[in-house]
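The values are calculated or read from the model by the stated rules, or taken from the named source; none is laboratory data. The structure displayed is predicted, hence computed values, not measured ones. For neighbour counting, all protein chains shown are included, and Cβ atoms are generated from backbone atoms with ideal geometry for every residue, glycine included. All accessible areas refer to the heavy atoms of the entire protein, side chains included, with ligands and DNA or RNA removed. Shrake-Rupley method; radii C 1.70, N 1.55, O 1.52, S 1.80 Å.
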Amino acid sequence: MNAPLPVNLMLVEDERVIAFDLKNQLQSFGYKVGAVLASGEQAIDRVADLAPDLVLMDIHLEGALDGIDAALQIQTRHRVPVVFLTAYAEDDTLRRALDCRPFGYLVKPCEPRELHATIQMALARREVEVNVERSEQLFKLALDAASLGVLEWRGDTMRLHGDGHLRALFGDRPVPLDETWEVFLSRVDQDDRGGISGALNRALDSGDPIRVEFRTAGNGGARCLEAHARAYGSSPGERRVVGILQDVTQRRLDEEALRRSSVVFHTMAEAIVISDRQRRIVAVNAAYTRITGHAERGVIGLDTEAVLGTGHDDAFYDALVASSGTGYWQGEVLCRRASGDCFPAWQSISAVLSEAGRVTHFVMALSDFTAIHQIEEKLNHLAHHDVLTDLPNRLLFDDRFEQAIEQARRTQQRCTLLFLDLDSFKVVNDTLGHAVGDHLLRAVAQRLRETLRRSDTLARLGGDEFVVLSGTAQPDDASRLALKLLNALSEPFDLGGEQIRISASIGIAVFPDHGVDRNVLMRAADIAMYSAKAQGRGRFRFFSEDMSERTQERMQMEQGLRRAIDADALEVHYQPQLRLCDRHIVGVEALVRWPHPEWGMVSPSRFVPVAEESGIIETMGLWVLRRACRDIVGLANSEGGQMRLAVNVSVRQFLNDDFVAQVLGVMAETGFPAESLELEITESTLQVIERSAGVLDALKRLGVSIGIDDFGTGYSSLSVLRDLPIDRIKIDRSFIVDLTDSDDARSMINAMLTLGRSLRMSTIAEGIELDAQARLLGELGCSEGQGFLFARPLPLDALRRLIARRA
């Protein structure tokens, strides 16, 4: 078949007559002769511009280059086929001509038809070569696009040939690859070489396709490669194995990451639910089944809300995925188990977006809050009940007392308060020990419960003090109730083989006869109780105005306290706070002391309540803060940093409008760093602070830390603890006393420590008196402690000496 015309030819002939004759012959066959040139240099210069389909080249030309040299450059640079047309056919000329792989060789003179046939054969051969080159190019582009390498093992040479992405797979090896099988194996990880050889043998034996995976050795880090190959040829000399090679390192890393994610998904403690855009469940983990009772196969394809019943409607999800939304929500919900029971849970929902920004799935995480709520209920019970006797504590009693007064006021009736104190209880503690004393208190509480009516309220205020709130309307009824209680307590108590007899003194105050305010009535009943003790104990007394001696003493204490503050006569002692793991001093607590010129060292338990009732506590608290900051600034802890200072703050002091400004002023005046100052508030104060959280936020912005003192004895809820910026909780000493002997005490402390860790709060225990207590607290996870085991509250000079000795 003739090549399509016109075909563009370039004729290189230095004899003009011959050139003219050849041109006419070529044109007679329909060829286009683009140029007739006389030298090899001209041919090389013009070939790019003319772009001929074929070059007819004489060998012996004028100039430095002959036709063979010119043809070699033309083929190398421009890939244009050359047919030699020459009068010479010597062996040397033929050998040289063969080096440039000509498309034809005609000896002049030649027949016109022979010339035409040679040109057509050359063009046909070139067309085939172009198609082959195009196929090879497409093949290489495909290999490049797929990042594949091609390998061929030949059985006759035992060598490996390769091309494609081998450089990326094997490092800086030359490409195309041509090496022995042994060299190739040397670049395979030693543990995988046997597998590679075995795969080659299997391919040769079976002729079936094989797949083998192996790791490379060296070359800048091992890679993971995957080969797919097959054997071809039947005779030993023709046997070869051809295959492709791909780098699957990233794929294997991704698969490993997916496996790890799958392990996390299936083993994490939170329930995980994955649903599609329509909120149909597509996957759940094992924790989901454990928490809800729903098996995976039973919920796949179901609507999440239909299964869990958390109350999220379409509007909720529309808002979640809206452009103005965050695509994330979390909060507490009520979920439904497979049994139909509901349970509280903390739920988070995240929208999963595609690369185009469209929602494809929702991921829901659920944490069962049942245990947390149980702990909250337990802590709430602890906050309102006495740990030892399980009676209502002062906080709960005060609330009930207020309600009783209000009801009596509305109905114009009386209500009666009985203040009961055990006589000589201290003797029992000192002679028989605190364990027996605690046993006695529990027995007293039980006997009082059995004696009272269900409508009466019995509470323990602390120590050996109990109070009874009764709705009796007449004084005679109150007298009979008091006698009934005294008679009940007069019976002996059997305490583990010990027969103990005790008595009690009771003071009685009646609303509205002795006061219309809870505090006034409590004070009146307290005064009456002390009057009963003074009368000989084991009896009761009603409050009367002539019992004002105790009131007078409190008045004297209040006035003396005011004078002491004005005269700068108070003192601040400091109790070290230690890290339990290494017993290093990391902080101190400032404790106010009052050395009275006549009464001696007055106990804080006597003058602090007076200060709180009279309002002096604000002035005294500011005085203590200023003195403590001035004393401790610059004092180094065991690690060389500024010693942490903890200062107690009363409710009245905290509610002062200028409190934050006062703290800031004291720090500026004394130079004490805010990050080393910790203000301690009692747990019962939280119910007040909840309404003034802005004060705490302002203190936190200054850098001041906030601690909860006497934790476990007052009121607190998880929501308050979670939402307020609390840094540290201090476990009250009442929980430490029975720590080494009581499983209940350990359980309570463990619950507090667990709560502290879950809320990311530090913990410190006070009242540590035994080394066993300190060790057990450390084992339970309490980080710091203070108490007589380490040091009593010390004046500043004594504190400095203690720190110097321990340095």
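Some observations on this one:
- Contour excess over end-to-end distance, with Cα ends at Thr157 and Ser261 and 0.36 nm allotted per residue: 32.6 nm
- Distance between segment 717-793 and segment 544-598 - C-alpha centres, whole angstrom: 25 Å
- A full extension of the chain between Gln137 and Glu179 corresponds to an added length of 12.7 nm, given 0.36 nm per residue minus the alpha carbon distance.
- The value of relative contact order for segment 199-308, using C-alpha pairs under 8 Å at least six residues apart, is 15 percent.
- Rolling a 1.4 Å probe over the heavy atoms of the protein chains gives segment 183-342 an accessible area of 55 Å² per residue.
- The chain, relative contact order [Cα under 8 Å, separation at least 6], %: 5 percent
- Net dipole in debye of segment 429-478 [+1 Lys, Arg Cβ; -1 Asp, Glu Cβ; about Cα centre; nearest 20]: 260 debye
- Taking every protein chain into account, the 1.4 Å probe leaves Arg134 with about 130 Å² of accessible area, to the nearest ten.
- If you model segment 175-264 as an ellipsoid using its alpha carbon gyration tensor, with each semi-axis the square root of five times an eigenvalue, the axes come out at 28, 17, 11 Å, biggest first.
- In sequence order, segment 750-758 has phi-based couplings of 4, 5, 5, 5, 5, 4, x, 5, 5 Hz under the Karplus curve 6.51 cos²θ - 1.76 cosθ + 1.60, θ = phi - 60°, and Gly or Pro positions carry x.
- Largest first, the residues Cys335, Cys110 sort by 1.4 Å accessible area into Cys110, Cys335.
- MRE, 222 nm, helices only [DSSP H, n ≥ 4, -39500 (n - 2.57), over the chain, to nearest 500]: -14000 deg cm²/dmol
- Contact order relative to length of segment 1-105, as percent, for alpha carbon pairs under 8 angstrom and 6 or more apart: 25 percent
- Dipole of the chain, positive end: most advanced residue of Leu160, Ala87, Leu320 [Cβ charges, Cα centre]: Leu320
- Global form of segment 704-807, assessed from the alpha-carbon gyration tensor, a/c cut-off 1.5: oblate
- Applying the criteria of a DSSP loop state and at most 13 other Cβ atoms within 10 Å to the trypsin sites (Lys or Arg not before Pro) of segment 319-382 yields Arg358.
- Solvent-accessible area of the chain (1.4 angstrom probe, protein heavy atoms only): carbon and sulfur portion equals 50 percent.
- Projected onto planes of every orientation and averaged, the convex hull of the alpha-carbon atoms in segment 296-343 covers 4.1 nm².
- Residues whose placed amide H lies under 5 Å from that of His361, excluding near-sequence neighbours: Val352
- Those residues of segment 354-382 whose amide nitrogen sits under 12 Å from the label point placed on Asp314, 7 Å along Cα→Cβ: none
- Using θ = phi - 60° in the Karplus curve 6.51 cos²θ - 1.76 cosθ + 1.60, the 3J(HN,Hα) couplings for segment 52-68 round to x, 6, 7, 10, 9, 10, 6, 8, 8, 10, 6, x, 6, 9, 8, x, 5 Hz; x is entered for Gly and Pro.
- Sparse packing (at most 12 other Cβ atoms within 10 Å of the Cβ) combined with a DSSP loop state is found for the following GluC sites (Glu not before Pro) in segment 298-401: Glu355.
- With all protein chains modelled, accessible area of Ile244 [1.4 Å, Å²]: 70 Å²
- For the chain, a crude dipole built from +1 on the beta carbon of Lys and Arg and -1 on the beta carbon of Asp and Glu, taken about the Cα centre, is about 1420 debye to the nearest 20.
- Comparing Pro609, Leu580, Leu151 along the charge dipole axis of the chain, the residue lying farthest to the positive side is Pro609, per the Cβ-charge model.
- Centre-to-centre separation between the Cα atoms of segment 634-675 and those of segment 84-163: 93 Å.
- Too-long pairs where the Cα-Cα distance tops 28 Å, listed order kept, from Lys426/Lys484; Lys484/Lys533; Lys32/Lys108; Lys378/Lys426; Lys32/Lys140: Lys378/Lys426; Lys32/Lys140
- Accessible area of Ser503 in the full protein assembly, 1.4 Å probe (Å², nearest 10): 40 Å²
- Prolate/oblate/rounded call for segment 1-126, Cα gyration tensor, a/c under 1.5 rounded: rounded
- Cα centroids of segment 483-497 and segment 289-354: 58 Å apart.
- Vicinal HN-Hα couplings computed from phi for segment 603-608 (Karplus, 6.51 cos²θ - 1.76 cosθ + 1.60; Hz; Gly/Pro x): 5, x, 5, 8, 8, 5
- Taking other residues whose beta carbon is less than 14 angstrom from the beta carbon of Arg239, and scoring Lys, Arg as +1 and Asp, Glu as -1, yields +1.
- Computed magnitude of the charge dipole of segment 59-110 (debye, nearest 20; Cβ of K, R +1, Cβ of D, E -1): 300 debye
- For segment 368-413, accessible area per residue (1.4 Å probe, heavy atoms of protein chains only), Å²: 57 Å²
- Considering only Leu26, Leu391, Leu141, the residue lying farthest towards the positive end of the dipole of the chain is Leu391, judged by Cα position with unit charges set on Cβ.
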